[in-house]
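The values are calculated or read from the model by the stated rules, or taken from the named source; none is laboratory data. Quick caveat, the model's predicted, so the values are computed rather than measured. In this analysis, Cβ positions are derived from the backbone assuming ideal geometry, glycine residues included, and neighbour counts consider all displayed protein chains. Ligands, DNA and RNA are excluded from the accessible area calculation, which covers all protein heavy atoms including side chains. Shrake-Rupley method; radii C 1.70, N 1.55, O 1.52, S 1.80 Å.
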Amino acid sequence: MRDRFPLLVVGGLLLTAVLTTFLVRGARRNAFADTLSTYRAQEDGARALYLLAQESELPVTRRMADLRIVSGLGTPVLLAVEVSGAYEDDPDQTALAAEPDAGLDDEHVPRTGFNAFRAAALDDDETEQLLTHVREGGSAIYVPWGSRENPVLRALNVKLFKADTTLPMRTLVPPQPTPYTLGVERVEAKVQAYLELPETAVPVLEDERLGMFVAAVVPYGQGRVLVVGAPELAMNQALARADNAQFWLSTLASMGPGPIEFDEFHHGFTNERSVVDFARRYGLHFAVLQLLLGVALWSVSLKRFGRPRPPPESSRVGATDALFAMGRLYREGRHHGFSAQLILRGLTQDLALHAGLPAHASADAVAHGLRERGRADLAQGLEALTTDSRAVTRDTDLQQLAERAARLRQRLHSAGGARPSPPETT
């Protein structure tokens, strides 16, 4: 084991360094949140979109609960929220995403820090509740990531076609005047997927040169869903271009009624409060690291490195000489009775803890308490030693009393009821 200890130390240090790096990167302020989360202030976040709508006095809020209960639900906004059951209808399109640049061309949403474990996809029950909400007259905004098909798009009869990743940033224009593009002349964003729409859909944005649709409002039942195939359009870095900000203001204002709820539950944020959530949101990683360092130092302080070393010869000889000197003083002064009482007092204090009494309790009270707790053997031995301690007058008697007290201490943790006392205690 001693030969492996250096390897264990090196491995522990490497593991600590990896976990520390992971924690610091995940708890970095404004970078702790997921891609297209309204909490994320980095270039690929959507914090600017949320603040823009809030400052424009639109009824926006963040939703921290799942979509299984949609009573009172306003207009949910799903930005890069993955859906369970997604599949690639045309595998050849996936080849365009084989070499992602900055994550925008990948078919999977890039995760940051702890979000890789906490972010959840829209499950089947939530998908059904969302579609029911729209079918009964509600509205929703869905910005899918990538070009894979999923149950939501299949219900809307919308098909995605992967955009060529080699194309530069696209210029998008409204194909016809609509309330969703009020005040919008052109929009600039990188497109991930183009839309194939049903006949009842209302196109909102199309590629100026290719003539392919990028955003559209799709009726479903009595409600409607806005589908956008360019998730970069909602990112912080894109709002300053052209009429991108105006597009979102017009769209959000036209998709009411009710509050506009940006879904954060599927980005890893819930109503539950914990130290981990505060660390992820407010950058408490230094406090966490201090706690881990304290635990590590405490663990190391309990570890003995190497074999136990004997005390120095001077200390051992000195302690032995002092013990012999005290014994000789007691013998020469004939303090055998006093020594016996000291032995009895120490034994009584030890037994008092097991009798549920204070350490200064008398020997009779301790014996009575031991009997009530089913340790009549200890009570009998204590009473016998109490009687015999009064008759100690020689070194031999004192030695025998000390041996009997030691044997009685050894029986403190014995199981079962009282045991027969040794011949010396009868």
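Taking the Cα centre of region 337-391 as origin, work out the dipole magnitude from +1 charges on Lys and Arg Cβ and -1 charges on Asp and Glu Cβ, in debye rounded to 20.
60
Going from most exposed to least, what order do Ser56, Ser37 have by accessible area with a 1.4 Å probe?
Numbers: Ser56 50, Ser37 0 Å².
Largest to smallest exposure gives the sequence Ser56, Ser37.
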